[in-house]
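What follows is a short report on a single structure.
Every read-out reported here was derived from the displayed coordinates using simple, explicitly stated rules and does not represent laboratory data. Predicted model, so just to flag it, every value in this text is computed and none were measured. Ideal geometry is used to build each Cβ from the backbone, glycine not excepted, and the neighbour counts take in all protein chains shown.
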Amino acid sequence: MARELQNRHVRQLAVVSQDLLRREVLRVRDRSENPAVELIDLVARFALDRGMHVVIEGILYADIYGSMLRSLAADHRGATAFFRFDLPFKETLRRHCAKGCNDFGERELRQWWRDRDALPGCAEQVIGVDQKVDDIADLIDTAVRW
């Protein structure tokens, strides 16, 4: 979804990928106080300070990333919105497999799975299983007034 939004907005939108920064750049586990939290915050602020729109995407556990996300939202001068996919595990696995990602499989995905990991203090808009890509992109565009 983040790439779809980026394709719509080309150079105006930076995608800050939790997987890329945590797994590939820093190669750290997704645990409390991992340095990826600070790096995600730094990269997002860097892009925002240069007038770009930012999408932070990934499996952002509320207990690990919540404080940083709330702080980033509080400091941001523009429109900020939070979105969360609410998908059953089976659908999450299907989408993962459809992407052709071979870095990890069902076993690892089950270990990471948290059903309805809402972010307290951030009025998240929930995206369900039946919503289409174009409709989700339109929803996000409207919510942040792009």
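List of remarks:
- In the range 1-75, Rg over Rh equals 0.96, where Rg is the alpha-carbon radius of gyration and Rh the Kirkwood radius from pairwise Cα distances.
- Viscosity 0.692 mPa s, 37 °C: Kirkwood-radius Stokes-Einstein D of the chain over Cα pairs, µm²/s: 203 µm²/s
- Percent RCO, i.e. relative contact order, over the chain, from Cα pairs under 8 Å lying at least 6 residues apart: 25 percent
- Extension gain (nm, one decimal) between ARG145 and ARG116, 0.36 nm per residue minus Cα-Cα: 7.8 nm
- Compared with the direct C-alpha span, the chain from GLU4 to CYS97 gains 31.6 nm at full extension, assuming 0.36 nm per residue.
- Cα-centre dipole for the chain with unit charges at Cβ (Lys and Arg positive, Asp and Glu negative), debye to 20: 240 debye
- Farthest positive-ward along the range 2-143 dipole, Cα basis, beta-carbon charges - from LEU39, PHE85, VAL25: VAL25
- Kirkwood estimate for the range 79-138, i.e. one over the average of 1/r between Cα atoms, Å: 13.1 Å
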